[in-house]
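S.K.: One structure, as structure tokens, below. Some questions next.
The values are calculated or read from the model by the stated rules, or taken from the named source; none is laboratory data. This structure is a prediction, so every number in the text was calculated from the model and none was measured. Here the Cβ positions follow ideal geometry from the backbone for every residue, glycine too, while neighbour counts run over all protein chains shown. With ligands, DNA and RNA removed, areas are computed over all heavy atoms of the protein, side chains included. Shrake-Rupley method; radii C 1.70, N 1.55, O 1.52, S 1.80 Å.
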Number of protein chains: 2
Amino acid sequence: MKLSKDNFSEWYNTVLEEMDIIDLRYPVKGMPVYKGWGFGIMKRAFGILEDLLEKHAHEPMLFPLLIPEDNLRKEGEHIKGFEEQVLWASALNPEEGERKLAIRPTSETAIHPMLAYWIRTHADLPFKMHQTVCVYRYETKATKPLIRGREVFWNEAHTAHAGKEDCERQIKEAVEIYKEFFKSLCIPFKLVQRPEHDKFAGADYSIAFDMLMPDGKALQGGTVHNLGENFAKVYGLTYDDEKGEKKFLHQTSYGISMRALALLIAIHGDDKGLVLPPFVAPIQVIVIPVFFGEKEPVIAECRKVLQELKDKGVRVKIDARDMRPGEKYYYWEGRGVPFRVEIGPKDIEKKQVVLVNRLGEKTVVPQEEVSDRILSSFVHLTEKLRGRAEAEQKTRTKTAKDLEEAKALMEKGGLVELGWCESEECAEKIAEATGAELRGTIWGGKEHKEKCAVCGKDGKLAIVAKAY
Amino acid sequence: MKLSKDNFSEWYNTVLEEMDIIDLRYPVKGMPVYKGWGFGIMKRAFGILEDLLEKHAHEPMLFPLLIPEDNLRKEGEHIKGFEEQVLWASALNPEEGERKLAIRPTSETAIHPMLAYWIRTHADLPFKMHQTVCVYRYETKATKPLIRGREVFWNEAHTAHAGKEDCERQIKEAVEIYKEFFKSLCIPFKLVQRPEHDKFAGADYSIAFDMLMPDGKALQGGTVHNLGENFAKVYGLTYDDEKGEKKFLHQTSYGISMRALALLIAIHGDDKGLVLPPFVAPIQVIVIPVFFGEKEPVIAECRKVLQELKDKGVRVKIDARDMRPGEKYYYWEGRGVPFRVEIGPKDIEKKQVVLVNRLGEKTVVPQEEVSDRILSSFVHLTEKLRGRAEAEQKTRTKTAKDLEEAKALMEKGGLVELGWCESEECAEKIAEATGAELRGTIWGGKEHKEKCAVCGKDGKLAIVAKAY
């Protein structure tokens, strides 16, 4: 089937299916199977995230899937956020006195009660953990693969702090970690503080990474929540400060889901299929023997290059299938493999290989330089992909002076910036006028003051977009 | 608290709690929390396993947690194996027509039905995948941390093959992968084929890795199942062979659970606490500044060594806490960190460091050789731990001529080898006489023929042990 990214929705579904990302035919709604290539990419992306978190002293932990009902219900605002969507677990013959058990919709209510055992004094703080698990919500809205489902693969981090200041510092650290993560995936973003009426249930405030999808809609790719003392008060989580006084913990939580995979696919892909940044590709280099006559010497040469690359830690494979080289190029381009090495009899004669990157840039490389050249090409391609994606986002982000201009700009899709006073009333008027959502105010860096495009009062620069 | 491994059960529980392995106070029975140090070890161990599987062409995948009831029930023998223990998931307001959903007790019934979409001809075979997930069983027996629980962290592999022969080859490959895995964890084992009455529900036969625990009891550390055509017939899984004829798939599955962590702890630990093989230790080297006066020059020297080790890929940390060096030694020995580097003013003067491994072997190393020496010491310590564990297993494995001798040997615990004719009747008599379990016949290598210790008929050498 001929792919065309101009029809993004069709392109996306076709790529998911044909490139072995997921299989939607699993017989439970909103729960696809992650196939080898798709999970291979996701595993590497989340590996990068986990390494970053652990470098910043987040301990890897694993909390149980099931949460007793009374713990889940304790934070009243929190449970209201998704009560209807909770899945419950039960045994055929439960033991006497067994409490009702929820399948985790998110893990605050599993983790926080345990902190009462672990944190006594300021010396036990900060507390920082992360886990990579699935969370479950019985979504009744239409599900969309890797974007909205009933089983959400994600990494969630949870922290606790002595005092508001250290908690704010942690929010900044979390944002920096996520920035670094998305940078390594070559995915540009806008950082916004979500409107009061759209923050995480139980949080003081929520910061979100909003990404621009090819169809002009915004997708939330990650969130960072300042929970303040809200959960600590509910679960009675205190510590003794330096004067020996009992204080409530300040807490944060933040997460990035399988949407990172959706973004990787959507943002970098082209009419040939996937385009993978080298550091997340399950196979970084595919070596393709080009035969005209005797096979063995060509294969032997390919093996030599393979071994050399392996020794440098490159994820590399030979495709020695009985197919024409052109078919193999097509196959591996579709899967987004960043580099292809072609070796034929002529190349062997000239002691060279042909190196082609996924963007079609072709160079002839002396054989003895092949591994060094590929390693430096990883950086080059990564920067190129990042630059391309950033340029695209920049082109499709416009600033509007007033509602009318915002409406006109919104018709073309993309992100529209305009002033907003932070009232829910004006947010509704903006949404009504533009047919889009007010995503929040721009977060970080200098203050972005701006008069409200609706009421003219003092406000901040905000982002409006149609959203997933 | 003073640890003594002579009282193994108390030692084990104390180590789990004090060394931040798990916390049993989570309010759901049989579902402890994995804490940072414990999950850090497990993550690394399973990382080694995943790398081995992927090196042998198993694709990483992820199947949903929930399995429709009709799929689960299709293989009649299989479901009988754990029907009472299945946990079921339900929403508050399920959508119309939603089938009853089981929380996966194991994944055959999730995975196999999908193979009908993926496998058409012999060219699609072999199929090999693995996933690291938790499985759930509502155990009614007493649970034991990391050994028997209601939430079991594990890695499971599933394969499909054209023909019996390739399936048998896969069984051997699986056994080799697991051997390699346990070798890297320095954990010795006995390979046995489980008796017919004790095989995996739905399998043709099951091979198990049995390990000897310090209390003299056996623990099953991993299993490999030949499923034959049993599941393929139930789910209608066929492929076209080279002649275009429809044939049923031959299948295998194999898994290793969090018991690998229990074994690491139990087999290597000593009266000081954990002893970790270098390749699974979250921290491989702890650098401890020893002050007598000025702190800054000592810390600076420690940082230099830290950076040098980091550059070589070593997981290393400085402990600069305000405590006496002796307290720090005690702390990190308890957690099993394989190497300690001590640096004091005298060492700086002499351009040397003091290197101490977890077994107490102390050497003075010239500063410029420190990273090379540590890397080679990793191999030395690994071999030492492996040798020690193997010697222990060998000492505690005895051969009995008859039931009487088996009984006498069994009183001291350990593994007892004796002849068995493979009948369930004689197995029961052996169990009765020895107060232990017949674990199965020795698998692999040369044939171990032996007359049955009960009936005298032709049989094989089998292993008897008390078991977890």
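S.K.: With unit charges on the beta carbon (Lys/Arg positive, Asp/Glu negative), name the residue among A:His225, A:Gly40, A:Val175 whose Cα is farthest towards the positive pole of the charge dipole of region A:8-268.
M.R.: A:Gly40
S.K.: I would also like to ask the following. Can you tell me which of B:214-222, B:380-388 comes out highest on packing, and rank the rest after it, using the mean Cβ neighbours within 10 Å?
M.R.: B:214-222, B:380-388
S.K.: Percent of alpha carbon pairs in the protein assembly as shown separated by more than 43 Å?
M.R.: When all Cα pairs of the protein assembly as shown are counted, 40 percent exceed 43 Å.
S.K.: Between A:Lys233 and A:Ala320, take the C-beta separation as r, use R0 = 51 Å, and let me know the FRET efficiency to the nearest 0.05.
M.R.: After rounding, the FRET efficiency stands at 0.20.
S.K.: So, one more: Given B:Thr252, B:Leu146, B:His122, which one lies farthest toward the positive end of the charge dipole of region B:8-268, if we put +1 on the Cβ of every Lys and Arg and -1 on the Cβ of every Asp and Glu?
M.R.: B:Leu146
S.K.: For peptide A:128-138, what's the mean number of Cβ atoms from other chains within 10 Å of each residue's Cβ?
M.R.: Mean partner-chain Cβ count within 10 Å for A:128-138: 3.
S.K.: Along each of its three principal axes, how wide is the spread of alpha-carbon positions in chain B, in whole angstrom units, largest first?
M.R.: On the principal axes, chain B reaches 79, 61, 48 Å in Cα extent.
S.K.: Further, regarding this structure: Rounding to the nearest 20 debye, state how big the charge dipole of chain A is about its Cα centre with +1 on each Lys and Arg Cβ and -1 on each Asp and Glu Cβ.
M.R.: With only Lys, Arg, Asp and Glu charged at Cβ, the dipole is about 1080 debye.
S.K.: Can you give me the accessible area per residue for region B:397-465, using a 1.4 Å probe, in Å²?
M.R.: In whole numbers, region B:397-465 has 53 Å² accessible per residue.
S.K.: Still on this structure, please answer the following. Can you pull the three principal axis extents for the Cα set of region A:75-142, in Å, largest first?
M.R.: Answer, in whole Å and largest first: 43, 37, 25 Å.
S.K.: Heavy atoms only, probe 1.4 angstrom, no DNA, RNA or ligands counted: give me B:Val379, B:Val133 ranked by accessible area, highest first.
M.R.: Of B:Val379, B:Val133, the descending order of accessible area is B:Val379, B:Val133.
S.K.: How much length, in nm to one decimal, is gained on full extension between B:Glu383 and B:Lys398, taken as 0.36 nm per residue of separation minus their Cα-Cα distance?
M.R.: 3.0 nm
S.K.: From the P(r) of region B:364-417, could you give the percentage of C-alpha pairs in the tail past 18 Å?
M.R.: More than 18 Å apart: 56 percent of the Cα pairs in region B:364-417.
S.K.: Once the principal axes of the Cα atoms of region A:8-268 are found, what is the range along each, listed largest first in whole angstroms?
M.R.: Taking the Cα atoms of region A:8-268, the three principal extents are 61, 48, 33 Å.
S.K.: Separate question: Counting each pair of different Cα atoms once, what's the Kirkwood radius of region A:283-379 in Å, rounded to one decimal?
M.R.: 13.2
S.K.: How big is the A-B contact in terms of buried accessible area, both chains counted, 1.4 Å probe, rounded to the nearest 100 Å²?
M.R.: Roughly 4900 Å².
S.K.: Still on this structure, I have one more. Find the eigenvalues of the gyration tensor of the Cα atoms of region B:168-290, then list the square roots of 5 times those eigenvalues as equivalent ellipsoid semi-axes, largest first, in whole angstrom.
M.R.: 39, 17, 10
S.K.: Continuing with the same structure: As a test of the formula, what do you get for the protein assembly as shown when each DSSP H run with n ≥ 4 contributes -39,500 (n - 2.57) and the sum is divided by the residue count, at 222 nm and rounded to the nearest 500 deg cm²/dmol?
M.R.: Theoretical 222 nm ellipticity from helices: -11000 deg cm²/dmol.
S.K.: Specify the inter-centroid distance of region B:18-73 and region A:264-306, based on alpha-carbon positions, in whole Å.
M.R.: Spelled out, the Cα-based centre of one part sits 32 Å from the other.
S.K.: Please give the per residue volume of the convex hull enclosing the alpha carbon atoms of region B:397-465, rounded to a whole number of Å³.
M.R.: 70
S.K.: Quick one: what Rg and Dmax do you get for region B:320-468 from the alpha carbons, in Å?
M.R.: Final numbers for Rg and Dmax: 24.6, 74 Å.
S.K.: Mind putting a number on the dipole of region A:283-379 about its Cα centre? Charges go on the C-beta only, +1 for Lys and Arg and -1 for Asp and Glu, and I need it in Debye to the nearest 20.
M.R.: 280
S.K.: On to the next question. Treat every Asp and Glu Cβ in the protein assembly as shown as -1 and every Lys and Arg Cβ as +1, leave all other atoms uncharged, and give the resulting dipole magnitude about the Cα centre to the nearest 20 debye.
M.R.: It works out to roughly 1120 debye.
S.K.: Cα axis of helix B:36-55 to longest principal axis of chain B: angle in degrees, 0 to 90, nearest 10?
M.R.: Approximately 60 degrees, to the nearest 10.
S.K.: Another question, then. Which residue, A:Pro289, A:Val305, A:Trp332, has the largest displacement toward the positive end of the dipole of region A:283-405 when charges sit on each Cβ (Lys, Arg +1; Asp, Glu -1)?
M.R.: The residue sitting farthest along the positive end of the dipole is A:Trp332.
S.K.: In nm, one decimal, shortest first: how far is the label point of B:Glu242 (7 Å from Cα along Cα to beta carbon) from the matching points in the other copies?
M.R.: The answer, with the shortest distance listed first, is 7.8 nm.
S.K.: Determine the order of B:Phe248, B:Phe200 by accessible area, beginning with the largest, at a probe radius of 1.4 Å.
M.R.: B:Phe248, B:Phe200
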